[in-house]
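The values are calculated or read from the model by the stated rules, or taken from the named source; none is laboratory data. As the structure is a prediction and not an experimental result, all values here were calculated from the model. Cβ placement follows ideal geometry from the backbone for every residue including glycine, while neighbour counts extend to all protein chains displayed.
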Amino acid sequence: MKTEAGALLSSLRIDRGSDRKISIQLYMGLRDIILSGGATPGDRLPASRTLAREVGVSRTTVIDALDRLIAEGLLESRVGSGTYVSTALANQPRTQLAPQSGPAPAIEPRLSHATTHAARHFAPRSWLPHRSQTFITALPALDAFPMAHWARLSARHWRGSRDEIMGYGHPLGHAGLRRAIASHLNAGRGIKCDPEQIFIVAGAQQAFSLISSVLLNPGDHVWFENPGAIGARNALVASGADLVPVDIDENGLVVTDGLQKAPHFRLAFVTPSHQQPLGHVMSLSRRLQLLQAAENADAMIVEDDYDGEFYYGNQPQPPLKSIDSQGRVLYVGTFSKSLFPSLRLGFILSPPGLVDTFEKVTASWLSGVPTATQAIVAEFMEEGQFSTHIRLMRRTYKARHDALLEASSTMKHLIRVQSTASGFHTVGYLDDASDENRLVKRAAEENIIVAPLNRYCLSPISRKGLVLGFGGTNPDEIRRGVAILKTVAESDRNNWSA
Ligand SMILES: Cc1ncc(COP(=O)(O)O)c(C=O)c1O
């Protein structure tokens, strides 16, 4: 590029209609010419006055662009001589310097051992639902949420002190929310605990990942309910642990099966209040057996109490945590079911022996839960709205459960829907000749969303069934849904037995 401006400028494009400042466009244009080899290290640039005239901009604009390129080391200024393409670029391969245009080349970055291992063991998970549909699982009754009150509370929060609402939140969680959760657990769930034991996280899934990183080493044996929760399973697998599928019966986790398969387990993951997905409540004797097994193996237990608030049977079992005299149970709670899932809000109730560790770990990174969300939920709890909402929802879910059981009696020769005592999903069992996946697909064609039991299995089980959510479906829709499901199951049976 001698000093002729023409050759250099022929490829410079300035768009005067663009929102981007002219000096920035000039800087980017020159940078691209240099990086793509359009100018060679040591080449002298035209004088700033010449550049300004040729491009039709002020000299100040040109100097501004050149100064940036000098600061980035792409140009160098030699006193009394002019501005040159930096000679240091001579040693840099141009392919590394050239800006990307078009798609990036398809290199395959090397993955960590943990991710390579986990990718082979992750359970396939369809996206969690964001809107209610008949029998969809995981969503609470969004139609029954007290939105007007929530909106007023939120607006009041945002009118508060700016320091309170705009600064960084506390890494262990909002103090008011930690207090409110501890007092709810003491009063409502019979769990004795202090606010200092509560750590706020972005949903139960993050709790499981955090617990895995604190307690598990690759290869550790983890007892896992089979069938069991898909999200928790993936979080535990990501740590490189070996998940041991443990049988479930109507009393919950079959502890003797776990002992037979992996007596030296490091952790057990359980959903005692409402087994995910079968819906059984773990019996007291099984709870005691599990605590004893953990003591013998010096293991810890994760109690995932995702929907235990909604017990509508006769005799609720106390949470495992409330009878944990040794401090082996990490109790995980979520607001995804008791309020709504987009909050991304959950907590870990740590046993005393892990409080220091969780303090250190959570204080070293900042929780992803917005302070505003935490403060609003804290107030919702403190003013008693949370308990009121839970009470109302218990009634709503009981009504929806009963509607499902009643309507489904007409299809019990095809799908036997099991009664449950809490939560808002249950299982409809199929006979051995049925094909779960085919039924799920056919039902989806009719906008009925059910999940096959096999999706929850770490290792295959003999029972076949469909998981039916009833929380987000009102009784009329439930009756309509059962009628459609019955027709689908009948026509499937006729087609395949013909
Ligand atoms: C067994 C189980 N635990 C916990 C949760 C809640 O997870 P999160 O709090 O991350 O929404 C779910 C969600 O569906 C679940 O199925």
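Restricting the search to segment 228-243, which residues are more than 12 Å from the ligand (Cβ to nearest atom) and assigned to a loop (DSSP other than H, G, I, E, B)?
Ala238, Ser239, Gly240, Ala241, listed by residue number.
For every residue, the table says whether it meets (1) within 30 Å of Asp249 (Cα to Cα); (2) within 20 Å of the chain's Cα centre (by Cα); (3) surrounded by fewer than 19 Cβ atoms within 10 Å (Cβ to Cβ).
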site: Gly169; (1), (2), (3): no, no, no
site: Pro195; (1), (2), (3): no, no, yes
site: Ile198; (1), (2), (3): no, yes, no
site: Gln205; (1), (2), (3): yes, yes, no
site: Leu210; (1), (2), (3): yes, yes, no
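Working only within segment 317-351, note down all residues that are away from the ligand (no atom under 16 Å from the Cβ) and either under 21 Å from the mean Cα position of the chain (by Cα) or closer than 14 Å to Thr271 by Cα (or both).
The answer is Gln317, Pro318, Ser350.
Against the condition surrounded by 18 or more Cβ atoms within 10 Å (Cβ to Cβ) and within 16 Å of the ligand (Cβ to nearest atom), how does Gly368 come out, does it pass?
no
Quick check: anything in segment 257-277 within 16 Å of the ligand (Cβ to nearest atom), crowded, with 17+ Cβ neighbours inside 10 Å and on the phi > 0 side of the Ramachandran plot?
No: zero hits.
Given the conditions (1) under 30 Å from Ala294 (Cβ atoms); (2) out of contact with any Leu (no Cβ under 8 Å at 6 or more places or on another chain), which single one is not true for Val222?
(2)
State all residues of segment 287-339 that are of a type in the set (Asp, Glu) and in contact with a Leu (Cβ under 6 Å, 6 or more places away or on another chain); if no residue qualifies, say none.
Glu303
Looking at Leu392, is it modelled with pLDDT under 95, within 28 Å of the chain's Cα centre (by Cα) and either closer than 22 Å to Asp476 by Cα or surrounded by fewer than 17 Cβ atoms within 10 Å (Cβ to Cβ) (or both)?
Criteria not met by Leu392.
Taking segment 196-223 as the search range and keeping residues that are assigned to a loop (DSSP other than H, G, I, E, B), away from the ligand (no atom under 12 Å from the Cβ) and at pLDDT 95 or above, which one is farthest from Val329 (Cα to Cα)?
Of everything passing the filter in segment 196-223, Asp220 is farthest from Val329 (Cα to Cα).
Can you find a residue in segment 334-348 that is over 30 Å from Trp158 (Cα atoms) and crowded, with 17+ Cβ neighbours inside 10 Å?
The answer is no; no qualifying residue exists.
Restricting to segment 133-161, give me the number of residues that are crowded, with 19+ Cβ neighbours inside 10 Å and either away from the ligand (no atom under 15 Å from the Cβ) or of a type in the set (Ser, Thr, Tyr) (or both).
Final tally of qualifying residues: 2.
I need a count of the residues in segment 157-187 that are in a helix (DSSP H, G or I) and over 23 Å from Glu309 (Cα atoms).
Final tally of qualifying residues: 7.
Residues being at pLDDT below 95 and of a type in the set (Ser, Thr, Tyr): count how many of those fall in segment 135-160.
The total comes to 1.
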